[in-house]
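One structure is given here, and the rest of the page talks about it.
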Amino acid sequence: MRDAYMPTISELHAFVSCARTGSTTRAADELHLTQSAVSRSLGTLEERLGVLLFHRVKQRLVLSDAGHAFRREAERILGDLNQAAVAVMAFGGHSEVLRLAVLPTFASRWLVPRLRQFRDLMPKVSFDIVSRLDAIDFDNEPFDAAIQRSDLRPSNAELLPLMEERLVVVVAPELLAGKGELSDAELGRLPLLQQTTRPTLWLDWFRDVGNDPRSILRGPRFEHFDMVINAAVSGLGVALVPEVLVEPEMAAARLVPASSRRLIVSEPYSLIYPSRSMDVVGFAAFRQWLDGLVRSET
């Protein structure tokens, strides 16, 4: 049961429109209602809240202090409701929706380009995919699974390892200056592109070389691997990125390996999920498809 003081959606629309136009008449035109209907909604809303939301000044509505404060919240509520409605409409009638949290660049460069294969197998299953860098709380967040490194697995979640994370050093061809490979000393003299969410990657690469950490950690900083890769293509510096994410640029020779060495991260990319997700329609099939896809490509 709705509390007596809680506004209705129509009252919020009337209030926001009056706040924007300064007139019940113009608000009525905007909302395709009568002026008396808008006035009643406004009066009912003020009575519910027990505050004056507008001052009536020469047939014009001027927000009171309470009205100014309430307008921000009312617009946010209506905006959130609109976004929620649009999100549901985007499912296009699909009743089976898998909600996934995926590492941003892995999602855009590896997972999404392959999802059509799964759609062809399970056309009634749709996806709601968001990017996440931090661990998922499956008890309090509405996700069926996450694709992240295994170290982000919560203690109460299952884990299916997918592939190891192999990092490769790549540069735009012109930065190689005709050389087939650069030594670590030569790499250290070039700008090293940094990823803010994985700040120790270059330190891990140079761990046994004895370079000054201060020089290793200097360089342009970017939040995601996708940004680092694009920066490397633009010739801004040297990138240390997962090989699986940079394959298109390497195949097109927009980026080339600057070293034959690879840095293997101990935490593989993994499908992380609560046991309850096995009862979600389509999830078991997605898990099996994903596992088979990875095996076929490695």
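The values are calculated or read from the model by the stated rules, or taken from the named source; none is laboratory data. This structure is a prediction, so every number in the text was calculated from the model and none was measured. Here Cβ is always computed from backbone atoms with ideal geometry, including for glycine, and neighbour counts include all displayed protein chains.
Taking the stretch 121-132 on its own, how many of its residues are assigned to a loop (DSSP other than H, G, I, E, B), exposed (fewer than 15 other Cβ atoms within 10 Å of the Cβ) and at pLDDT 90 or above?
1
Which of the residues that make up the stretch 39-52 are surrounded by 15 or more Cβ atoms within 10 Å (Cβ to Cβ) and either outside the structural domain of R76 (by TED's automatic domain parsing) or over 20 Å from G79 (Cα atoms) (or both)?
Scanning the stretch 39-52 gives S39, R40, T44, E46, R48, L49.
To keep it simple, each residue is scored yes or no on (1) within 14 Å of V102 (Cα to Cα); (2) more than 21 Å from the chain's Cα centre (by Cα); (3) not assigned by TED's automatic domain parsing to the domain that holds L115.
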| residue | (1), (2), (3) |
| --- | --- |
| F143 | yes, no, no |
| I147 | yes, no, no |
| R153 | yes, no, no |
| N156 | no, yes, no |
| V170 | no, yes, yes |
| P173 | no, yes, yes |
| A177 | no, yes, yes |
Fill in the blank from the handout: Matching residues in the stretch 241-255 (over 22 Å from the mean Cα position of the chain (by Cα) and either polar (S, T, N, Q) or surrounded by 18 or more Cβ atoms within 10 Å (Cβ to Cβ) (or both)) number 2
Exercise for the section: Please state which one of P142, P113 is surrounded by fewer than 16 Cβ atoms within 10 Å (Cβ to Cβ) and touching a residue at least 40 places away in the same chain (Cβ under 8 Å). Expected result: P142
Fill in the blank from the handout: For the stretch 251-265 the number of residues that are touching a strand residue (DSSP E or B) at 6+ places or on another chain (Cβ under 9 Å) and over 21 Å from E186 (Cα atoms) is 2
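Quick one: count up the residues across the stretch 34-84 that are without any contact (Cβ under 8 Å) to a residue 60 or more places away in the chain and closer than 16 Å to R20 by Cα.
If we filter the stretch 34-84 for residues that are without any contact (Cβ under 8 Å) to a residue 60 or more places away in the chain, which is where we start, we get 34-73, 75-76, 79-80, 82-84.
Pick out the ones that are also closer than 16 Å to R20 by Cα and you get 35, 38-39, 41-42, 53-57, 59-73, 75-76, 79.
Residues in the stretch 34-84 being without any contact (Cβ under 8 Å) to a residue 60 or more places away in the chain and closer than 16 Å to R20 by Cα: 28 in total.
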Exercise for the section: Answer yes if at least one residue in the stretch 262-281 is in contact (Cβ under 8 Å) with a residue 12 or more places away in the chain, assigned to a loop (DSSP other than H, G, I, E, B) and not assigned by TED's automatic domain parsing to the domain that holds D128, and no otherwise. Expected result: yes
